[in-house]
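Here is the structure we will look at, set down as structure tokens.
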Amino acid sequence: LIMSDTAPSNSNGGSECDESELWYFAYGANTNVFQLQSKGVVPRESHAAVLRGWRMVFGLKPMMRLMGHMANIVPDPSGHVHGVLHRFSHEHMAIIDKMEGEGSTYKREVFDVETYNGMHVKAHAYVCPGPPERLLEGPPSERYRTIILTGARHHDLHADHVTWLEGVETVKMEHNKDRPKPQMKEDKIWTREQVAASDNHFCLMNYVFDGTALPPMVLKRFKSDLGPPAEYFLLMLIPRDQDTPTSMPKSFQEFSQPQLDFIDMMLEQFEKDHPIVGTCPLPL
């Protein structure tokens, strides 16, 4: 992920950014503009670009097992990273900062990014420098790889890059809709307000989970600082393309069946890793 206050400028490239805007280079999920729109972020323009001297890897150990390994970049004198340069408002960039864990997961550094039409941009990049135990290469989830592939194809990124992505081994989450009801460690009835007031618990559908084992950054995303409940956060993870609605339902009753199925698949993964300590009402 890369940002810059300087834009490429010619008849084929981007226009100059004013003080209210900046440029951002995505090499992972944020290459997908349909995914960005589901987060309330709309680029003012986007351009295919490349970062030379670096290599993209799925080399960031997941904070949750169900997420698979995440994208990172590592130095490589003969390497190059293909991605998308977006022009954002600072307000929209702040949303991405929060979603990506800027300052905790990634460190910003300055790089020279080149658009496909040959214009160079000095830009900031998010690189995860460690700790070493997090820098472990492994397969991404099929969901995550699908999101990145959609972005690469939509922006017509280099064919070799698309072919590489298509060949990446992935982990697919299994989903058993007919599984038995999960075992509960405790049989307590919570209100959503009680869960919100707890530092270590979160709601998903009508179950309350003990989130003590979750990394603080992940648990925080399921809490009130991001606004909507966990179900809405998970909806942002659904792979999207030009045929997928990007708007969020206004209430739980408006969730579509595919959205409910996706949340139930995620619920099944949480059941395996985190104790259920009670039930709570479904969100409105």
Quiz item: For residues in region 55-96 being part of a strand (DSSP E or B) and of a type in the set (Val, Ile, Thr), which is most open to solvent (accessible area, probe 1.4 Å)?
Solution: VAL74
Practice problem: Considering every residue within region 123-139, establish whether at least one is within 24 Å of VAL42 (Cβ to Cβ), out of contact with any helix residue (DSSP H, G or I) (no Cβ under 8 Å at 6 or more places or on another chain), in a helix (DSSP H, G or I) and open to solvent by less than 60 Å² (accessible area, probe 1.4 Å). | Solution: no
Exercise. Go through region 221-234 and give me each residue that's part of a helix (DSSP H, G or I) and either surrounded by fewer than 15 Cβ atoms within 10 Å (Cβ to Cβ) or aliphatic (A, V, I, L, M) (or both).
Key: SER224, ASP225, LEU226, ALA230, LEU234
Practice problem: Could you run through region 97-122 and say how many residues are under 22 Å from the mean Cα position of the chain (by Cα) and in a loop (DSSP other than H, G, I, E, B)? | Solution: 4
Practice problem: Would you check if there is a residue in region 164-173 being touching a helix residue (DSSP H, G or I) at 6+ places or on another chain (Cβ under 8 Å), open to solvent by 100 Å² or more (accessible area, probe 1.4 Å) and closer than 30 Å to GLY59 by Cβ? | Solution: yes
Exercise. Mind counting the residues in region 156-176 that are farther than 22 Å from SER141 by Cβ and in contact (Cβ under 8 Å) with a residue 12 or more places away in the chain?
Key: 2
Self-check item: Residue, least open to solvent (accessible area, probe 1.4 Å), within region 203-220, restricted to residues that are without any contact (Cβ under 8 Å) to a residue 24 or more places away in the chain and under 26 Å from GLU142 (Cα atoms)
Solution: LEU219
Quiz item: Filtering region 242-284 down to residues that are at pLDDT below 85 and outside any loop (DSSP other than H, G, I, E, B), which residue is most open to solvent (accessible area, probe 1.4 Å)?
Solution: GLN253
Self-check item: Odd one out for LEU237, checked against (1) modelled with pLDDT under 85; (2) under 17 Å from ILE96 (Cα atoms); (3) assigned to a loop (DSSP other than H, G, I, E, B)
Solution: (1)
Practice problem: Kindly check whether there is at least one residue in region 19-38 that is open to solvent by 40 Å² or more (accessible area, probe 1.4 Å), touching a strand residue (DSSP E or B) at 6+ places or on another chain (Cβ under 7 Å), farther than 20 Å from HIS158 by Cβ and at pLDDT below 85. | Solution: yes
Quiz item: Can you tell me which of ARG153, ARG179 is of a type outside the set (Asp, Glu), farther than 15 Å from MET70 by Cβ and without any contact (Cβ under 8 Å) to a residue 24 or more places away in the chain?
Solution: ARG153
Exercise. Please find, within region 174-202, the residue that is most open to solvent (accessible area, probe 1.4 Å) out of those that are in contact with a Ser or Thr (Cβ under 9 Å, 6 or more places away or on another chain) and part of a strand (DSSP E or B).
Key: ILE189
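The values are calculated or read from the model by the stated rules, or taken from the named source; none is laboratory data. All figures in this text were calculated on a predicted structure; none of them were measured in a lab. Positions of Cβ are backbone-derived with ideal geometry, glycine not excepted, and every protein chain shown enters the neighbour counts. SASA here: full protein model, heavy atoms, side chains in, ligands and nucleic acids out. Shrake-Rupley method; radii C 1.70, N 1.55, O 1.52, S 1.80 Å.
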